[in-house]
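> Structure below; questions to follow.
Any read-out appearing in this document is the output of simple, stated calculations on the displayed coordinates, not a laboratory observation. As the structure is a prediction and not an experimental result, all values here were calculated from the model. Every residue, glycine among them, receives a Cβ derived from its backbone with ideal geometry; neighbour counts consider all protein chains shown.
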């Protein structure tokens, strides 16, 4: 899974060549102009967009209007006149193309954790078979998914079976109700085989539930084409929706009529303003809603999605792979052999849009990198994460990040 | 429960006297100056603050800073440097005094519906007794509470027992795990007896769970003094937090150590950044958190709470009762006898901070009221709701609203 990075050269000529290569790659990059859409300072290389996406420049003006006019002047009328009420489905349909989902299957709202709960309990109920008494869960997943899966298992009387994502096909069988897998490992950046795992889960008669937090907006997901049953994801990483922007829930159209949410709030009622004491679920994606949506966070997300207009996901993926390849090449060129270990798979088919490097001095290294304007993040105890967001990170950024990383590694290892 | 409103006078002299009384009452109102803190247009009488509170004037500048600086410039660093990570507990402690709660018991996040689920499932688990197989629920509550209570009952193997709030004391017993009651009826404005019902529920050995959506910020709640076990509420009505601002969860300190959330997301972990596969619940109010908080909505709420600085809740309650009394007096003076029926109790001890009037032509009446700048809302089929928010509604507003209501009722009844 990991490989010791080997230093391929140490000449300054190589550095000059990499700087020149970076300039040429940026000049030829069809996405390079998108960077201007973001509030970014050229003094900083922001490689933490896989944790919190950068601010699109036009969002502050839009939010000023939402707050001062829609809330401040129209007030309650905005639920209808400003389209607040329908925002969860409307924004879901804006995200759907990035997920490879036809319209009407994605709804925005609540946190990823809450949506994992809806999706997993919903999946167990869709399986509708008491002999399917197991929920298989990716044991390497972002922890919240595991915690919530444990709760979903407890509350539906199922047993949780944690396995490595690669072992999911072997673990699913006649006792499996559902399997929850994270598309990209948040720690290593490893991309899991969504088509293959989904097919194996469905062949076993179970439902495949995917967490797309670390993949959507960075690479093609193709939910519909791959027959995924349910999926969830956040919007504040590659989708740049803002801190804690609402998450989304995908329920494949074929399941919507039988989707039975454990959180049947009034927003998911067939006729919410009838205020009837009996619950009757709405049709379609709206059935995934719960309570009153957090409009300010939600409309910031909607506005932020404008940066995706006209961007083919395939182009994003091509640049993401080229960027991470180039960054790894620069790291190999600049950092002495053996100092860093890459946790990120070399094979493109197994790589998300981040590079994870480990070294014992990772906490000190990341602190110094950030001081020098190269912003990645640390995953305790020893992982340096660098996220590559193709809409606003370029090749010169990658070269600079690797160069500063080499300087910092040298200082830290020499005790300076 | 209802009383036919009687027209007490029809002379223009009486109208003049009411206008003069309103002016005198406004002049003597210690809260009158608070109105200047809100973005309100004098052409409108906004009586829908019990649905969506008005915008405090200083919030747009604060949010411009949050978006442009905290998100746009500091980006990921703001989780620490701008206090984003601790916002749910910090804002909970800002709200706590309005609820009569000591610090450390209130946490902000998620919607009211999601918090009802946490609170009710948590209450059943705190009861920790399989022979307590019933959840008693206020049958007149805002519907989402009933829908979520049904789901909580289903997922904990309990039976739901819907009763009128006044019948809760008689309905609770050795089979009751928890009772969920709404403090103020969203439709009629009736205030329920929180101290008495709480005592009866606790005497039966069950847990008392309150929904404060329609009371907190309008009247004293005194959660601690009354021994309430758990409570939830929204922040976009009387607390003016903005559309869909996050809700809150109160877990009394004595229960926190055993509070067992059905939504144990990573934000409620004792050491969230350890990212450990096993769940260990945090201490204190933070245990009620779930996923990543919706920072923009949350910080708008935090900013909005500034309007409460130095406001005694008792003063708010006194004005609320005086305002609703005065409005009802004006309605009696202006609207011909028999045309409207008040659903709001005359007794102060039973009245929240809204007036609900019914008439068969309610939809047409409310549409015309709004056209003329008197903004209340309609609850189908026949209820006109008028919310009185003591921080920004005055006596002249109440008089004007009643006068326009009388004009509109006359027009509609004459078919004009």
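> Give the percent of DSSP beta bridges with both residues in segment B:60-308 that are antiparallel, rounded to the nearest 5.
On the way: 9 of 27 bridges.
Approximately 35 percent, going by the DSSP bridge assignments.
> Taking every residue in A:267-276, how many Cβ atoms of other protein chains lie within 10 Å of its Cβ, on average? Working shown, then result.
On the way: counts 4, 3, 3, 0, 1, 2, 4, 3, 7, 4.
Across the residues of A:267-276, the mean count of other-chain Cβ atoms within 10 Å is 3.
> For residue B:274 and residue B:57, calculate 0.36 nm times their separation in residues minus their Cα-Cα distance, and state this gained length in nm to one decimal. It would help to have the intermediate numbers written out before the result.
On the way: separation 217, 0.36 × 217 = 78.12 nm, distance 4.08 nm.
Value of the extension gain: 74.0 nm.
> Rg and Dmax in Å for segment B:60-308, alpha carbons only: what are they?
17.9, 58
> Another question, then. For residue A:224, go 7 angstrom from Cα along the Cα-to-Cβ vector, then report the distances to that same point in the other copies in nm, smallest first.
Relative to the other copies, residue A:224 has label-point distances of 5.6 nm.
> Partner chain Cβ atoms within 10 Å, averaged over the residues of B:47-55 - can you pull that number for me? Display every interim value, and only then the final one.
Values: counts 0, 3, 2, 0, 3, 10, 3, 4, 8.
Other-chain Cβ atoms within 10 Å of each residue's Cβ, averaged: 4.
> Could you tell me which of rounded, prolate or oblate describes segment A:176-277, using a ≥ b ≥ c as the square roots of the eigenvalues of the alpha-carbon gyration tensor, with rounded for a/c under 1.5 and, failing that, prolate when a/b is larger than b/c and oblate otherwise?
On the way: a/c = 2.54, a/b = 1.31, b/c = 1.94.
It comes out oblate by the Cα gyration axes.
> Output the antiparallel fraction of DSSP beta bridges having both residues in chain A, as a percent to the nearest 5. Kindly include the intermediate steps, with their values, before the conclusion.
Details: 23 of 43 bridges.
If I count the DSSP bridges inside chain A, around 55 percent turn out antiparallel.
> Going by how many other Cβ atoms sit within 10 Å of their own, how do A:298, A:275, A:155 line up, fewest first?
With the fewest neighbours first, A:298, A:275, A:155 line up as A:275, A:155, A:298.
> So for A:370, A:135, fewest C-beta neighbours within 10 Å to most, what's the order?
Values: A:370 18, A:135 28.
If I rank by nearby Cβ atoms, fewest first, I get A:370, A:135.
> How crowded by other chains is A:74-82, given as the mean number of beta carbons from other chains within 10 Å of each beta carbon?
Average neighbour count from other chains, rounded to a whole number: 4.
> Also, quick follow-up: Quick one: check the C-alpha center-to-center distance for segment B:110-125 versus segment B:7-59, whole angstrom.
About 37 Å separates the Cα centre of segment B:110-125 from the one of segment B:7-59.
> Still on this structure, I have one more. Which order results if A:118, B:319 are arranged by neighbouring Cβ count within 10 Å, fewest first? Could the numbers behind the result be given before it?
On the way: A:118 29, B:319 25.
Lowest to highest Cβ neighbour count: B:319, A:118.
> Rounded to the nearest 0.05, what FRET efficiency do residue B:325 and residue A:64 have when you use their Cβ-Cβ distance and R0 = 45 Å? The partial results should precede the final answer.
Details: r = 40 Å, r/R0 = 0.88.
It comes out at approximately 0.70.
> OK, next. Could you state the principal axis extents of the C-alpha atoms in chain B, from the largest down, to the nearest angstrom?
74, 56, 36
> Here is a further query. If you bin every alpha carbon distance in segment A:258-416 into 10 Å steps from zero, what whole percent lands in each bin?
9, 28, 20, 17, 15, 8, 2, 0
> Report, for residue A:33, each distance to the same residue's label point in the other copies, shortest first and in nm; define the point 7 Å along Cα→Cβ.
5.6
> I've got another one for you. On a 0 to 90° scale, report how tilted helix B:362-371 is relative to the longest principal axis of chain B, with both axes built from alpha carbons and the result rounded to the nearest 10.
80 degrees
> Oh, and also: Can you quote the Å³ per residue value for the convex hull of the Cα atoms in segment A:219-290, rounded to an integer?
Values: hull volume 7.1 nm³, N = 72.
In segment A:219-290, the Cα convex hull volume per residue is 98 Å³.
> Something else about it: Shortest first and in nm with one decimal, please list how far the residue B:381 label point sits from its counterparts in the other copies (point 7 Å along Cα→Cβ).
Copy-to-copy label distances at residue B:381, shortest first: 7.0 nm.
> Could you tell me what percent of the DSSP beta bridges with both partners in the protein assembly as shown are antiparallel, to the nearest 5? Write out the running numbers ahead of the final one.
Values: 46 of 86 bridges.
Around 55 percent of the beta bridges assigned by DSSP in the protein assembly as shown are antiparallel ones.
> Cα centroid distance between segment B:204-244 and segment A:346-394, in Å?
The distance from the Cα centre of segment B:204-244 to that of segment A:346-394 comes to 44 Å.
> In whole angstrom, how far apart do the alpha carbon centroids of segment A:301-326 and segment B:266-329 sit?
37 Å
> For the protein assembly as shown, what ratio Rg/Rh do Cα atoms give with a Kirkwood hydrodynamic radius? Let's see the in-between values first.
Details: Rg = 28.3 Å, Rh = 28.0 Å.
Computed over Cα atoms, the ratio is 1.01.
> What percent of all Cα-Cα pairs in segment A:1-156 falls into each 10 Å bin, going from 0 up to the bin containing the maximum distance?
Percent of pairs per bin, in order: 8, 18, 26, 23, 17, 8, 1.
> Against the longest alpha carbon principal axis of chain B, how many degrees, from 0 to 90 and to the nearest 10, is the axis of helix B:395-413 turned?
Approximately 70 degrees, to the nearest 10.
> Nearest 10 degrees, 0 to 90: what angle lies between the long axis of helix A:295-304 and the longest principal axis of chain A (Cα atoms)?
For A:295-304 against chain A, the angle is about 50 degrees.
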